[in-house]
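These notes are about the structure you will find just below.
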Amino acid sequence: MSTFKAPKGTYDLIPPDSAKYLAVRDAIAAPLRNSGYGYIETPGFESVELFARGVGESTDIVTKEMYAFETKGGDRLALRPEGTASVLRAALEANLHKAGNLPVKLWYSGSYYRYERPQKGRYRHFSQVGAEAIGAEDPALDAELIILADQAYRSLGLRDFRILLNSLGDQECRPVYRAALQDFLRGLDLDEETLRRADINPLRVLDDKRDDVQKQLVGAPLLRDYLCDACKAYHEEVRELITAAGVSFEDDAKLVRGLDYYTRTTFEFVHDGLGSQSAVGGGGRYDGLSEMIGGPALPSVGWALGVDRTVLALEAEGVTLELPASTSVFAVPLGDEARRVLFGVVSELRRNGVAADFSYGAKGLKGAMKNANRSGARYTVVAGERDLAEGVVQLKDMESGEQVAVGVNEIVAELESRLS
Ligand code: HAM
């Protein structure tokens with residue numbers, strides 16, 4: 001061990017477990033790539049102001065959890081706590097919305113940073129795969145995203161997740177609700193900080209985890225009862241489209257998200273095997289975000305799924321992913337001549353797309369065979385001086401234990417045909 005450890009709230013992804021993370025990212029991305037979403041990558045840091053304006057000045061993410069710093073050049077930057085503001089910023093900067101092809105559909109995968117109190121499922125560095133559909137107000141787009149996330153989770157074999165769905169209204173009906181909620185909250189017995197929150201961001205109070213607060217919130221006005229006709233009709237259409245697609249969901253009138261940019265459709269994917277950090281993914285519509293960061297009106301919708309928590313959910317359900325063997329053939333040379341010959345064989349196998357590895361370092365047969373076993377390879381190719389003198393190598397089937405001599409010039413073709 002070195003003097004150093006991974007920083008608090010972070011962990012390293014190392015083999016063999018790291019293969020699961022790659023598989024999860026691939027599985028989430030696959031339905032997106034199949035549905036017209038193009039890949040986008042943005043910097044790991046952005047101007048602090050982008051998140052302050054986008055995610056919301058009064059959110060926990062911005063006030064408590066952001067890794068913000070000033071550069072030597074005097075720029076105020078922050079490690080990205082989420083992807084939506086960055087992706088929209090990048091799309092606007094590249095004028096993707098002016099190319100005449102709306103919505104602009106983008107997907108991304110990367111690391112995000114929040115200075116949170118670490119616990120199982122909650123880290124300071126975590127990984128998301130996300131999707132944003134920018135520039136269209138169409139309930140089918142909201143439905144598409146929910147259906148694709150459901151498809152991604154199901155393709156991984158997850159079953160015990162639920163989709164919570166709500167509408168947060170728009171700039172017409174939400175202010176009316178906000179005022180009604182504020183009136184209600186002012187009549188409660190709340191501490192000063194919570195009262196202040198009720199003033200600035202009353203919807204967040206609904207999300208308070210404390211029992212004594214939740215008890216008082218029974219009977220709080222619900223946004224559902226305040227939605228304007230347009231929001232109601234929009235939400236009903238989203239619900240019908242997801243239902244018709246065979247995706248089940250639960251209406252959750254109290255679902256509030258931790259980011260301020262949401263309007264209308266909001267949803268969360270929760271997994272029941274994860275304890276308190278149960279949200280494996282979340283998203284919704286953010287029709288006002290573009291204007292909040294200085295762009296034109298671009299109604300949009302998106303989600304991000306947490307890779308770390310998805311892996312935990314798989315473990316909680318006991319799902320083992322069918323990962324392709326990382327090595328199919330392992331070569332064990334005995335002596336210098338065999339080393340040259342088998343190194344050539346391994347290189348050729350690799351060029352032909354066969355996953356192959358080699359016993360490096362001067363090892364005896366016993367040590368090398370141990371490596372071959374650990375590699376998980378189906379076949380081992382062993383060659384010593386005597387074999388090569390006869391023009392052959394030994395091909396061992398690691399499953400059956402059977403071993404045959406194969407001509408040096410035939411070994412690549414033989415392995416390819418056995419593995420196909
Ligand atoms: P979010 O709900 O903040 O939404 O994060 C999405 C997912 O990221 C969560 O459901 C969770 O799985 C994972 N996640 C968040 N924080 C942590 C953490 N500290 N440790 C481990 N996993 C975490 C967003 O980020 C929005 N940008 C989603 C979105 C996209 N909305 C519209 N478009």
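With the structure loaded, tell me whether S109 is touching a Lys or Arg at 6+ places or on another chain (Cβ under 8 Å), touching a residue at least 12 places away in the same chain (Cβ under 8 Å), in the same structural domain as L305 (by TED's automatic domain parsing) and farther than 22 Å from L298 by Cβ or whether it fails that test.
Working: touching a Lys or Arg at 6+ places or on another chain (Cβ under 8 Å): yes; touching a residue at least 12 places away in the same chain (Cβ under 8 Å): yes; in the same structural domain as L305 (by TED's automatic domain parsing): yes; farther than 22 Å from L298 by Cβ: yes.
When the stated conditions are applied, S109 passes them.
Among the residues here, F45 does not qualify as closer than 20 Å to M292 by Cα, within 14 Å of the ligand (Cβ to nearest atom), of a type in the set (F, W, Y) and crowded, with 16+ Cβ neighbours inside 10 Å. What do you reckon, is E137 over 15 Å from V24 (Cβ atoms), assigned by TED's automatic domain parsing to the domain that holds H271 and in a loop (DSSP other than H, G, I, E, B)? In short, yes.
Residue count for the range 152-210 under the criterion of being assigned to a helix (DSSP H, G or I), among the aromatic types (F, W, Y) and over 17 Å from A220 (Cα atoms): the result is 1.
When Y226, Y234 are checked against the criterion of being under 32 Å from the mean Cα position of the chain (by Cα), within 16 Å of T263 (Cα to Cα) and of a type in the set (S, T, Y), Y234 stands alone in meeting it.
Just to verify a result, which residue in the range 322-361, among those that are under 31 Å from the mean Cα position of the chain (by Cα) and in contact (Cβ under 8 Å) with a residue 40 or more places away in the chain, is farthest from A279 (Cα to Cα)? Taking the candidates together, the pick is V354.
Could you tell me whether any residue of the range 120-127 is among the polar types (S, T, N, Q), assigned to a helix (DSSP H, G or I) and in contact with a Gly (Cβ under 9 Å, 6 or more places away or on another chain)?
Checking the range 120-127: not a single residue is among the polar types (S, T, N, Q), assigned to a helix (DSSP H, G or I) and in contact with a Gly (Cβ under 9 Å, 6 or more places away or on another chain).
Only one entry of A279, A220 meets the criterion of being among the hydrophobic types (A, V, I, L, M, F, W, C) and more than 22 Å from D183 (Cα to Cα), and that entry is A279.
Taken over the range 366-377, the residue count meeting the criterion of being touching a residue at least 12 places away in the same chain (Cβ under 8 Å) and surrounded by fewer than 14 Cβ atoms within 10 Å (Cβ to Cβ) is 1.
A single member of Y11, Y21 is over 30 Å from N201 (Cα atoms), within 13 Å of the ligand (Cβ to nearest atom), in a helix (DSSP H, G or I) and touching a residue at least 60 places away in the same chain (Cβ under 8 Å), and it is Y21.
Summed over the range 172-198, residues that are among the aliphatic types (A, V, I, L, M) and closer than 17 Å to T59 by Cα total 2.
As a summary of the residue check, A244 satisfies the conditions (1) within 16 Å of the ligand (Cβ to nearest atom); (2) at pLDDT 90 or above; (3) of a type in the set (A, V, I, L, M) except for the one numbered (1). In the range 278-303, the qualifying residues are those that are among the aliphatic types (A, V, I, L, M) and crowded, with 22+ Cβ neighbours inside 10 Å, and the one that is nearest to the ligand (Cβ to nearest atom) is V280.
Yes/no matrix, rows are residues, columns are (1) small (G, A, S); (2) in the same structural domain as V381 (by TED's automatic domain parsing):
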position: S278; (1), (2): yes, no
position: G284; (1), (2): yes, no
position: P296; (1), (2): no, no
position: P299; (1), (2): no, no
position: W303; (1), (2): no, no
position: G306; (1), (2): yes, no
position: R309; (1), (2): no, no
position: V341; (1), (2): no, yes
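Polar (S, T, N, Q), more than 10 Å from the ligand (Cβ to nearest atom), under 28 Å from N201 (Cα atoms) and modelled with pLDDT of 95 or more: does that describe N95?
On the way: polar (S, T, N, Q): yes; more than 10 Å from the ligand (Cβ to nearest atom): yes; under 28 Å from N201 (Cα atoms): no; modelled with pLDDT of 95 or more: yes.
When the stated conditions are applied, N95 does not pass them.
Condition check for E116 on (1) within 12 Å of the ligand (Cβ to nearest atom); (2) under 17 Å from the mean Cα position of the chain (by Cα); (3) crowded, with 17+ Cβ neighbours inside 10 Å: one failure, at (2). No other residue among V280, V247, V301, V319 is touching an Asp or Glu at 6+ places or on another chain (Cβ under 9 Å), touching a residue at least 12 places away in the same chain (Cβ under 8 Å) and not in a strand (DSSP E or B) apart from V247.
Residues being within 24 Å of G9 (Cα to Cα) and either within 11 Å of the ligand (Cβ to nearest atom) or not in a loop (DSSP other than H, G, I, E, B) (or both): count how many of those fall in the range 254-277. Break it down into steps so the answer makes sense when it comes.
In the first step, residues of the range 254-277 are kept if they are within 24 Å of G9 (Cα to Cα); the result is 257-259, 268-277.
Narrowing further to those that are either within 11 Å of the ligand (Cβ to nearest atom) or not in a loop (DSSP other than H, G, I, E, B) (or both): 257-259, 268-271, 274, 277.
Residues that pass the stated criteria total 9.
With respect to the conditions (1) of a type outside the set (S, T, Y); (2) assigned to a loop (DSSP other than H, G, I, E, B); (3) surrounded by 21 or more Cβ atoms within 10 Å (Cβ to Cβ), G100 falls short on a single one, namely (3).
The values are calculated or read from the model by the stated rules, or taken from the named source; none is laboratory data. Here the structure is a predicted model, which is why all the values come from computation and not from measurement. Every residue, glycine as well, gets a Cβ built from its backbone with ideal geometry; the counts of neighbours run over all protein chains shown.
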